[in-house]
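The values are calculated or read from the model by the stated rules, or taken from the named source; none is laboratory data. These numbers come from a predicted model, not from an experiment. All Cβ positions, glycine included, derive from the backbone under ideal geometry; neighbour counts span all protein chains shown.
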Amino acid sequence: MYVSREEIGRRWGAARREMERAGVGALVAFGSPQLMARGVLRWLVDWPTPVFEEYLVLPLDGPVTLFVHDASEAEFAREFCAADEVRVIPALEYVSDPCRRAADFVRELGPGAVGTAGRGMSAGFLASLTRNLGRAAVNLDPQLERLRMVKSPEEMRLSEAAVRLNEDVFRHYAGLVRPGGREVDAVAEASRFALSLGAEELYWMSASGPVPRLALMAQARGEGHVWRAGDCHSIILEHAAAGGHMGETTHLLSLGRPKEEYARAFAAVGEAQTAAASRIRPGATVGELADAAEEALIALGYAERRGPDVPPAPIGHGQGLDVWEVPCIVSGDMTPMVPGMRFNLHPSVRLKDGAVITSCDCWALEEGGARRLSTLPREILEV
């Protein structure tokens, strides 16, 4: 386990209070391998779901029971996760009726409403649960997402370690970027380095060429780009460190001196991040961060004032055990900021030649005020 029993107990207590308020007697919480859908299961029992969709049952009073895919996972979970009991979903049921065991277990606990949590719950799992319960469950995702939005000191230490890991991998990776080198080879080598540092999961976005842009790794693999002098290289790392917490490093590299218009735009993004970060304080709203970033880009000539019918674009989000957590940092979001919140600030600008310029700054709001977790300079890295 990467978190203490005291921390797990705090989480169970907070979740049970939300269940009581919602009139729910038992919670069925799901996790899946998706980057934005595994966190609730990890949060409740410190159990990763690297391959299969799995779930647990948290009653208002009584043992927390984890249901896993097979006997080998059950053996591992009994030794390393925080659940009181571990059960196996029979192989045939996992395909045809995966939540039958959860429904049977909930019925044993007695009457009462049942809640669910886990954004990655598949239609098959939800249909199985509803069919076997004979009634719809209460969605408690919003309540648990709000709980997870505010990190404990123990969680914040894990989150900060994840930011450091991503930056260490980025620095190693930057040393591999050179004319004549293949982008995918550098990603492969840096991935091995990340795993040597204890990374649990790897997520890359990578794109190279004369004009900065963003692309998924599948596209980067298909292109097989070989770097040339004058290339721009956009890279995004969102790796999970030991313990499952995620960090983000988004940066722009230039093979040789970058074009002046790209350097100015990258600096403008940095100024927008600084403007947003200056608003991180208890009692202010999350939307104020987005407004500050937008005003900075307008003043620098990289954005225009939106009309009343133009929806605002998010400039960042929370992060923890999922790659994207609440709050969504967007104009109009009235969520008040409190100590324990984590912010990834990544405004972007698009230039006339189609260039997309962005970077990411990770911040934490603590009792003593806002603190920058990222350490990279706010300028294009020339290699």
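Only residues that are more than 16 Å from Val177 (Cα to Cα) and surrounded by fewer than 24 Cβ atoms within 10 Å (Cβ to Cβ): list them for region 222-243, please.
Looking only at region 222-243, we keep the residues that are more than 16 Å from Val177 (Cα to Cα), and these are 222-223, 238-243.
Listed by number, the residues that qualify are Gly222, Glu223, Glu238, Ala242, Gly243.
Across region 34-51, what is the number of residues that are within 21 Å of Val95 (Cα to Cα) and touching a residue at least 24 places away in the same chain (Cβ under 8 Å)?
Residues that pass the stated criteria total 6.
Looking only at region 171-191, count how many residues are closer than 19 Å to Gly209 by Cα, surrounded by 18 or more Cβ atoms within 10 Å (Cβ to Cβ) and either under 22 Å from the mean Cα position of the chain (by Cα) or not hydrophobic (A, V, I, L, M, F, W, C) (or both).
3
Pick from Ala137, Ala162, Ala113, Ala117: which is outside the structural domain of Ala364 (by TED's automatic domain parsing), under 21 Å from Cys328 (Cα atoms) and touching a residue at least 24 places away in the same chain (Cβ under 8 Å)?
Being outside the structural domain of Ala364 (by TED's automatic domain parsing), under 21 Å from Cys328 (Cα atoms) and touching a residue at least 24 places away in the same chain (Cβ under 8 Å) holds for just one of Ala137, Ala162, Ala113, Ala117, which is Ala117.
Check Gly368 against each of (1) small (Gly, Ala, Ser); (2) under 29 Å from Gln143 (Cβ atoms); (3) modelled with pLDDT of 95 or more; (4) surrounded by fewer than 20 Cβ atoms within 10 Å (Cβ to Cβ) and name the one condition it does not meet.
(3)
Looking at (1) modelled with pLDDT of 95 or more; (2) more than 22 Å from the chain's Cα centre (by Cα), which one does Phe80 not meet, given that it meets all the others?
(1)
Of all residues in region 73-107, how many are farther than 26 Å from Gly9 by Cα and not in a loop (DSSP other than H, G, I, E, B)?
Counting residues in region 73-107 that are farther than 26 Å from Gly9 by Cα and not in a loop (DSSP other than H, G, I, E, B) gives 7.
For the structure I just gave you, tell me whether Ala284 is surrounded by 17 or more Cβ atoms within 10 Å (Cβ to Cβ), modelled with pLDDT of 95 or more and outside the structural domain of Trp47 (by TED's automatic domain parsing).
No.
Could you list, in sequence order, all residues of region 302-324 that are outside any loop (DSSP other than H, G, I, E, B) and in contact with a helix residue (DSSP H, G or I) (Cβ under 6 Å, 6 or more places away or on another chain)?
Gly318
Any residue in region 11-32 that is closer than 13 Å to Asp61 by Cβ sitting within a Cβ distance under 9 Å of a residue that is of a type in the set (Phe, Trp, Tyr) and assigned to a helix (DSSP H, G or I)? List the pairs, counting only those 6 or more apart or interchain.
Ala15/Trp43; Ala26/Phe105
Does region 289-301 include one or more residues that are under 19 Å from the mean Cα position of the chain (by Cα), of a type in the set (A, V, I, L, M) and not in a helix (DSSP H, G or I)?
Checked region 289-301: no residue is under 19 Å from the mean Cα position of the chain (by Cα), of a type in the set (A, V, I, L, M) and not in a helix (DSSP H, G or I).
Farther than 27 Å from Pro153 by Cβ, at pLDDT 95 or above, surrounded by 15 or more Cβ atoms within 10 Å (Cβ to Cβ) and not assigned by TED's automatic domain parsing to the domain that holds Met246, is that true of Val45?
Details: farther than 27 Å from Pro153 by Cβ: no; at pLDDT 95 or above: yes; surrounded by 15 or more Cβ atoms within 10 Å (Cβ to Cβ): yes; not assigned by TED's automatic domain parsing to the domain that holds Met246: yes.
So Val45 fails the test.
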